[in-house]
Amino acid sequence: EDRIIRIGTSDNFWAMGETGPCGPCSEIFYDHGEQIEGGPPGSANEDGDRFIEIWNLVFMQYDQIAPGERRALPKPCIDTGMGLERVAAVLQGKHNNYDTDLFAALIQASEDVYQTPADASHISSYRVIADHLRASSFLISDGITPSNEGRGYVLRRIMRRAMRHSHILGARDPAMHKLTNALIDQMGSAYPELQRAQKTIEATLEQEESRFQQTLGRGLKLLQQAMEDMGSSKILPGETAFKLYDTYGFPLDLTEDILRGAGLRVDQAGFDVAMARQVETSQAGGFRSGDVKAEKIWLALADRLSETQFLGYEHTKAQGQLLAIVQQGQEIPNLAEGAAELVFSQTPFYAESGGQAGDHGTIVFASGAQFIVKDVQKRGGQIFTHIGELVKGTINTGDMAQLSIDTKRRARIIANHSATHLMHAALRKILGDHVAQKGSLVEEDRLRFDFSHSGPMSEAEIDAVESEVNTIIRQNAATETAFMPLENAIESGALAMFGEKYDAHVRVLSIGGHSQKDESPYSVELCGGTHVTRAGDIGSFAIVSESGISAGVRRIEAATGADALNFYKARAKIAQDIAADLKVPLKDLSQKVHTLRQERKSLDAELGDAKRKLAMVGSGSSEAAVEEICGIKLIARILTDIDAKDLRQMAQEARDQLGSGIAAFIATKGGKTTISVAVSGDLTARFSAVGLVRAANGALGGKGGGGKPELAQAGGPATDQPEEGLQAIRDILTS
């Protein structure tokens, strides 16, 4: 009895959010002993480490409908959750999760990378890095990549928080990816998916940290300027902090850390106001009240009507009874003309799902009325709505109709869909098991497939995938489907798409002949879409393009059947036309193009050399062009129609001719100005080419410029007074 503490507050009530299942809870704590500071829950010093929660039992008995409105769940239950790491700490005699063997090895590896001791002033950073490295790596191994929305945004925030602490520990180059080996050494045997995805994890971490370092660089400059503009004020305006966060991705907590070190702080209230305004603007632009109203209608219909029976796996035509008519977000009893959405008791029309486009077709009623279907969507989670236009007659709820899909269009769509499955399997075979589907689009005339991969595919890899898929197509094996419990399907090796929601029983689709190594089909996935009867029905397969769409995500666009053949014919026609223009046989075209490129390269070099010589001669000899300023030789010239590469070389050659001195050239071409400055080695201690080129660029209204102390270059807008740039350099030499 003396170990039970009753707390009648919200601390002993668990909820998943503002709405949803909830109930009172019973929290179980472990007492680490009197030698540890801290008191029991509910006491004044409860924040100490003596009493640590290790378990929570939630008595799920309510459904929170809205603030102040709660109803009893029809089937109450107990949801129990144990903190594995906290129990590990108890068993290992530790008072902190991060002191257990789950984290100690990662923290030690981090010390080796950052070369900073994990003492009291740095230990929190090491703990964040270890924890977030682990979380990020598991998410990436599941096929998630950093992005600005959804789960990808969650991953990016986790990664960037760890990377901020990496910056605090002194890292100015990507470092977190170097810890992947330590993580996999510790957890790879229990989680082999980490081993399979190691290259992807490392590449994703390195790319994201590289981007974040750039973000930090920009943000630090802007924050420094904002701090200088504050004057005597000790509070940074919340609007400024929000701009750093929203526009430049600069974390608020990092802004606060930097300000705290200077004895300053952020106007938190102002930041919150700016954040609320941004959220309100986003909601107003992306989710209108009409959308809410329409969604309520479909949820109401889903509650009232039974689930639409889909017959499209076996049939392209079917009889169905009209159960509901929806027009402009309102349910109506009949329709005389115009656009509307129709719900039937059963249908052969496929509703857009899993990337596959909805069917098109016609619906003819017993009365002779005709409805043209332009799309099919699934609403309210269970009913199919046929979107289109009534072009003839009048229809009423309860009418019977013949529903017929456009079979030619369906055939092209299912060929593309089945090819997507084969391509997915081929990508995993050729690139590795880290490949995971990130999105797909299957339409009548094309297919698009997004997948996780760290870099561009080589031509050889693209050819290999294309050849692999066409080989399976030619085997012409029958497509097989089976319905089974989800758990059994996963155990059998069927691929499930991360983030997709599956029922307890799922449809498992097997496409393609058996591989040479085993008896399993080439592709086995969970899929509710429609597919070819045999692989040969796909006809042929061609990859049209491969590109990157975000960090760690690639996109392939491809075609099948006649579209694939037309793609190859178009490419062949281009080659034939070029061969005809060059008057060579098609078989010799590649060699001819190579020869022409080499000739062009040689001519460009000769032309550039001639331009440089002509520019250097100018109105007099190079010796006459040499100035001497305070004992320093200077060649300063204004040129026209000179490329940046050639200008750089000219500056180097002029400097080398001087032996000791400076060459400064400014050239205009194509509406742009280029400045090149070269400084001999004996003068770089006094005059850096970078400083000189930036001074010249600034005098011409430009910014920046870079290079090395002995050679630098800058570019800027065209100017009609380039002499001012050279004068800026002369002024520095005389100062």
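The trypsin sites (Lys or Arg not before Pro) of segment 3-80 that meet both conditions, a loop assignment by DSSP and at most 10 other Cβ atoms within 10 Å of the site Cβ, are Arg3, Arg6.
Express in % the proportion of alpha carbon pairs of segment 311-382 at distances exceeding 19 Å. For segment 311-382, the share of Cα pairs beyond 19 Å comes to 33 percent. Please report Rg over Rh for segment 18-141, where both radii come from the alpha carbon positions and Rh follows the Kirkwood definition. In segment 18-141, Rg relative to Rh is 1.09.
For the chain, the antiparallel share of DSSP beta bridges with both residues in that region comes to about 90%.
For Leu495, the residues whose amide H sits under 5 Å from its own are Val524, Glu525, Leu526, ignoring neighbours fewer than 5 places away on the same chain, with H placed 1.01 Å from N.
Give me the dipole magnitude in Debye, nearest 20, for segment 443-501 about the Cα centre, with unit charges on the beta carbon: positive for Lys and Arg, negative for Asp and Glu.
140 debye
Applying a DSSP loop filter and a limit of 13 other Cβ atoms within 10 Å to the trypsin sites (Lys or Arg not before Pro) in segment 643-735 leaves Arg686, Lys703. Solvent exposure of the chain, expressed per residue, is 53 Å² of accessible area, with all protein chains present and a 1.4 angstrom probe.
Computed from phi, the 3J(HN,Hα) profile of segment 364-375 under the Karplus parametrisation 6.51, -1.76, 1.60 (θ = phi - 60°) reads 10, 8, 4, 6, x, 5, 10, 10, 9, 8, 10, 6 Hz, with x in place of Gly and Pro. Placing Trp14, Trp298 in order of accessible area, with the largest value first and a 1.4 Å probe, yields Trp14, Trp298.
If you take the Cα centroid of segment 305-333 and the Cα centroid of segment 521-593, the two points sit 38 Å apart.
Using alpha carbons only, what's the Rg to Rh ratio of segment 383-469 with Rh from Kirkwood?
Ratio of gyration radius to Kirkwood radius for segment 383-469: 1.21.
The residue among Gln727, His165, Gly681 whose Cα reaches farthest toward the positive pole of the charge dipole of the chain, with charges on the beta-carbon of Lys, Arg, Asp and Glu, is Gln727. Listed cross-link partners Lys408/Lys573; Lys613/Lys645; Lys672/Lys703; Lys178/Lys243 are compared with a 21 Å cut-off, the Cα-Cα value being larger for Lys408/Lys573; Lys178/Lys243. Taking the Cα centre of the chain as reference, the dipole from Cβ charges on Lys and Arg (+1) and Asp and Glu (-1) amounts to some 2080 debye. Here the chain exposes an accessible surface that is 50 percent carbon and sulfur, computed with a 1.4 Å probe and the other protein chains kept in place. Computed per residue of the chain from DSSP H runs no shorter than four, each worth -39500 (n - 2.57), the mean residue ellipticity at 222 nm is -13500 deg cm²/dmol.
Rank Ile490, Pro117, Ile549 by how far each Cα sits towards the positive end of the charge dipole of the chain (+1 on Lys, Arg Cβ; -1 on Asp, Glu Cβ) and give me just the farthest. Selected residue: Ile549.
Count Lys and Arg as plus one, Asp and Glu as minus one, and take only other residues whose Cβ is under 9 Å from that of Met176; the net charge is then -2.
Stokes-Einstein diffusion coefficient for segment 378-531 at 20 °C in a medium of 1.002 mPa s, Rh from the Kirkwood formula over Cα pairs: what value in µm²/s? This corresponds to a translational diffusion coefficient of 120 µm²/s. Ranked from largest to smallest solvent-accessible area, with a 1.4 Å probe on the protein heavy atoms, Met400, Met16, Met227, Met159 come out as Met16, Met400, Met227, Met159. Once backbone amide H atoms are built at 1.01 Å from N, Arg534 has Thr479 as its partners under 5 Å, excluding neighbours fewer than 5 places away on the same chain. Over segment 329-458, one equal point on each Cα, no solvent: what is log10 I(q)/I(0) by the Debye formula at q = 0.15, 0.19 Å⁻¹? The computed values of log10 I(q)/I(0) come out as -0.75, -1.01. To the nearest 10, the accessible area of Arg172 is 140 Å² with a 1.4 Å probe.
The values are calculated or read from the model by the stated rules, or taken from the named source; none is laboratory data. As the structure is a prediction and not an experimental result, all values here were calculated from the model. With ideal geometry, Cβ positions are generated from the backbone for all residues, glycine too; neighbour counts draw on all protein chains shown. The protein model used for the area step is the full one, side chains on, heavy atoms only, and it has no ligands, DNA or RNA in it. Shrake-Rupley method; radii C 1.70, N 1.55, O 1.52, S 1.80 Å.
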